[in-house]
Each structure stands twice: as C-alpha cells, then as structure tokens.
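The values are calculated or read from the model by the stated rules, or taken from the named source; none is laboratory data. Computed from a predicted model, the values in this text were never measured in an experiment. FYI the Cβ positions are ideal-geometry reconstructions off the backbone, even for glycines, and counts take in every protein chain you see.
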Amino acid sequence: MKRFSIILLLIATIKMSAETPTFFPRKFLLEHFTSAKCNQCPMGMKYIVDYLDWQTTPYIWVSHHAVYGTDEYTLPESNELAMNYLGIYSVPSVVFNRTKQQGSLAIGAWDLESWNIEERQAEDDTLAEASIRIDHHFDAATRQLDITVNGQVANIDRTEYLLNILIKENRLVGEQADAFTSWKCVDWREYMHPRVVRDFVTGTFGDTIHVTNQAYQYSISYTLNSDWIAENCCIVAYLTPLEKKPIINAEQTAIVKGTLGGEEYGPYGVTESKGPNTSISFDSVRVSKIADNQLEIMLLSSKTIQSRFLGICKQVGFVYVNTEADVLQPGTYTIQEGNVLGAISAGYRVDEEETLGGSRLIYALSSELKNGKIVPIHQWRMNTGEMTLNQEGNISLDFTTYNETSVTATALYDFSPATGVEEVQGFRSSGVKKVLHNGQLFIEKDGVWYTILGYRL
C-alpha cells in the first residue's frame, strides 16, 4: 500500500508539472521607431534586416512611425510610448524586449551593423514565465475581428499582467526620405513600409488581466479599417508586468488565415521621387576606356547646390557609350537599355544586390569631391534621350530620368588622342595626368593617385 501511494503521488506530481510548465518558449519583441521624413531610416531598416538574419530566437518586429515629425502612419500612442516612456528622441531606434542591450534600452539602428557576429544575439533570456496564444475569427464581409488571447503562467507570485494587442500592416506604399547613408541615394515617392503599427486595440501600455489558477484569458472585438489590406495585416500580442517592462513574451498571427500577413515583404524602394528639372553647364569632361566596348564619360560642374539636409553638392554626370573606339567620336548616341553598340547604356537598379549603375546624374558632396571622392547625395538614372557631339567638341545631352525628371546639359570635349601618359581630356587644371599602368587606367593630380571613377588611392 505504501509503495502504491508513493506511485500515485508521483503520478499526480508529474500531472501537475505537465499542466503548468516551469517555463515557456519565448519570442522577443523588436520595437522599431522610424519616420517617412527621416532620411537615414531606410538604411536603419536595412541594418535591422541584416541583424535579424543572424537571430536564432524567434522574433516579432513592429514599426512605430514616431518622434521625427509626423507622417501618414504616425499614431499619438506611438509618440507617447517613444518619448514619454522609452525616452526616444531620435530615429531610427530599436528596443529589444524593453531590456538593456549593451548598456542601453534604446539603441540606434545603425549600431546594429557594428555588433560582432558573436554579439548579435539579443542580450535576454530565451525562456518566459508565461505563454501567450492568439485565437481569432475574421469576417471579411463585416471586417469584424474577434480576438482571444490566453496562456499559462509559471510564476505563482504573479497575479496580474498588462496585455498589449496591436494591429500591424505590411507592404504599405508611401513616401520615404532617403540620404547618402543608403545605397539608393534618392528620395522615394513610393516605398514599401513593413511592420507598421496601425492601431492599438488595447491601451497604449495594455489592459490589465488577472491570473486565475496560473492561467489567463482576454477577449475583445475589433473592426478592421476598410482601407487596410487584411491579407497584409497581423495581430500582435505581448505581455508585460504592471511596470510596463520588460516584455515577458510576444506572439503574432496573420488576420487572414492561410496567408503570412505580408511578413514576406521587407523595406523596399519602389518609385523614386521626381528630381528637379534642370539645365546644367558642365565645366570639364573626362573620357576613359573602361572596357573593350565601352567608354565612360565623366562630367563635372563647378556649380554648387545646397542640399536640404547634407550640405553643399556639385553635379556629376556619368555617361556610358558603347563603342569599340578609344576616343569619343562625333555623332548622336541614343540612351537604351543594355549595352547596345553605338548607343548609351541607360541607368539601372538592382535591389537584390543594392547596386546602381549605368548612365546617371549625381549630386555629390562638394567637400569630398575636393579629396577626389564621389559621395552621392542624390542619384537619378538616365532612362531615355540622346547625346550629340559635333566636330568642334560641343556636347549636348538631353535625357529624362526614370522618375520623369527632364535634364539638358552642355559641355566641351577635347579630342586629344589617348596615350600612355597624357593630360586628362577636358580638365583644364594643371598637374593632372592620365596614366595607363598594367592595363589599368589611373589619374594622377599633384602627386595624388585616383581611379578612373575619381576615388583616391
């Protein structure tokens, strides 16, 4: 009998342990603060994507448009959370689980790039004291969304939590400022914004829920805005103690079952903003043979342009003429896609590789140009148009960019033939030479060497 009683006790103990585990798997919450008016935020989002690629702990990413002015996605609750509670006054910023990472609660998104691979795990526990589960029903006809969040609690001393429920939407297309810190170097008329917080279903810091028998449950009905694409929307739920931090556990689910809620879409520039329609008088021309079938024409203007955020710029043009000739020949060259002989290669953009190339107009930082470096502030890719060179060396360039900017430009070209060592065609300054060394072309000026693209060696 005694042995039988012990067995029953063990069975009961095992059963109780199975009913309420001592810990639960955890998903960490990344709260991202950004703005469509922030010209460094596209690069910040790229850093977040790169960082999350290294994560092994499951995560949930929500983006609050806050702090830096207002845009069409800004919510007063997001500003209250950022500035009045988390102390965030600059974007792009990120917060992990509302716990300190490398000594700080909020860190700049750009700091993610400097973290060593070994340090890229969030400095937080991967186990949680409570579980969280989302059950829901969505009526597409009425847009009514019935949400139930429930879970178990391992911490027997905890009787109350704050439960936060958000609606976020992916693949939102809107404007986005962008600076030279992004490879794209343009502003965007259309940009795909990911993980955008659209509404707080509960209060800004959640609603209080009560734990009974180490379990909780919360239900609420919500009407989804008719302007939002339900297939791109997710329900996000997370628990905090009454002190509002840290995030104990988090969960999300797509509103429309059978979809990913748009989570497959990341930050992505769609349509570049229209640049200024302008007329340019280029002061110098440099022509370089960069391939057997291609000449690079670099055009420089001495005119200075004041960038709204980043200082004084100068206009630089790159035109790629597809020809077997070693020097630019008189004639008319049309702008076409690809590398068609006798034509100019149009500008191109490869988002997957984060590259821009082909013929384009650049606003480059003036201070860096003095050092032989081209640091783009804005770039516009040449789409259609033509360039004419007459016998006197007069260049007339008329083109339209991919964002419908119309540009006309003139320049004077020096027909001097290329040799191993010679003065750079079109440059009037003294002490400038073009040198062919081991099959590669370099520029020497005042004892300083540069590549044909103008980068200092």
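Are there any pairs with C-beta distances below 8 angstrom linking a residue in the range 241-254 that is surrounded by fewer than 20 Cβ atoms within 10 Å (Cβ to Cβ) to a residue that is part of a loop (DSSP other than H, G, I, E, B) and of a type in the set (Phe, Trp, Tyr), with the two at least 6 apart or on different chains, and if so which?
Listed by first residue and then by second, the contacts come to Lys244/Phe205.
Restricting to the range 49-80, count the residues that are part of a loop (DSSP other than H, G, I, E, B) and buried (at least 17 other Cβ atoms within 10 Å of the Cβ).
7
Can you find, within the range 325-359, the residue that is farthest from Asp50 (Cα to Cα) among those that are modelled with pLDDT under 95 and of a type in the set (D, E, K, R)?
Asp326
In the range 81-118, what residues are closer than 22 Å to Glu251 by Cβ and either crowded, with 16+ Cβ neighbours inside 10 Å or in contact with a helix residue (DSSP H, G or I) (Cβ under 6 Å, 6 or more places away or on another chain) (or both)?
Leu81, Leu86, Val94, Val95, Phe96, Asn97, Arg98, Gln101
How many residues, within the range 76-95, are of a type in the set (Phe, Trp, Tyr) and in contact with a Phe, Trp or Tyr (Cβ under 6 Å, 6 or more places away or on another chain)?
0
Working carefully through the options Ile312, Ile280, find the one that is within 18 Å of Gly385 (Cβ to Cβ), assigned to a strand (DSSP E or B) and of a type in the set (A, V, I, L, M, F, W, C).
Ile280
Would you say Glu423 is assigned by TED's automatic domain parsing to the domain that holds Leu328, loosely packed, with under 15 Cβ neighbours inside 10 Å, modelled with pLDDT under 95 and not polar (S, T, N, Q)?
No.
Whether any residue in the range 81-89 is in a helix (DSSP H, G or I), closer than 28 Å to Ile132 by Cβ and free of Cβ contacts under 8 Å to residues at least 12 places away in the same chain is what I want to check.
Yes, the conditions are met somewhere in the range 81-89.
Among strands (runs of 3 or more DSSP E) lying entirely in the range 162-217, which contain 1 or more residues that are under 14 Å from the mean Cα position of the chain (by Cα) and hydrophobic (A, V, I, L, M, F, W, C)?
The qualifying strands (runs of 3 or more DSSP E) are 172-176, 188-193, 196-200.
Looking only at residues in the range 225-240 that are small (Gly, Ala, Ser) and crowded, with 16+ Cβ neighbours inside 10 Å, which one is nearest to Phe96 (Cα to Cα)?
Once the filter is applied, the top-ranked residue is Ala237.
Residue by residue through the range 90-121, note down the ones that are over 28 Å from Ala237 (Cβ atoms) and modelled with pLDDT of 90 or more.
Listed by number, the list holds a single entry, Ser90.
Would you say Glu392 is loosely packed, with under 15 Cβ neighbours inside 10 Å and within 21 Å of Arg286 (Cβ to Cβ)?
Yes.
Can Gln379 be described as part of a strand (DSSP E or B) and over 17 Å from Asp283 (Cα atoms)?
Here the answer is yes, as Gln379 does meet what is asked.
Yes or no, residue by residue, for (1) in a strand (DSSP E or B); (2) without any contact (Cβ under 8 Å) to a residue 24 or more places away in the chain:
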position: Met298; (1), (2): yes, no
position: Gln306; (1), (2): yes, yes
position: Ala325; (1), (2): no, no
position: Leu341; (1), (2): no, no
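Give the residue, chosen from Glu337, Glu324, that is under 32 Å from the mean Cα position of the chain (by Cα) and either assigned by TED's automatic domain parsing to the domain that holds Pro376 or buried (at least 20 other Cβ atoms within 10 Å of the Cβ) (or both).
Going through Glu337, Glu324 in turn, the sole match is Glu337.
Looking for something part of a strand (DSSP E or B), among the small types (Gly, Ala, Ser) and touching a Leu at 6+ places or on another chain (Cβ under 9 Å) - is there at least one such residue anywhere in the range 234-253?
Looking for residues that are part of a strand (DSSP E or B), among the small types (Gly, Ala, Ser) and touching a Leu at 6+ places or on another chain (Cβ under 9 Å), one finds at least one in the range 234-253, hence yes.
Just need a number here: residues in the range 121-135 that are buried (at least 17 other Cβ atoms within 10 Å of the Cβ) and not in a loop (DSSP other than H, G, I, E, B).
3
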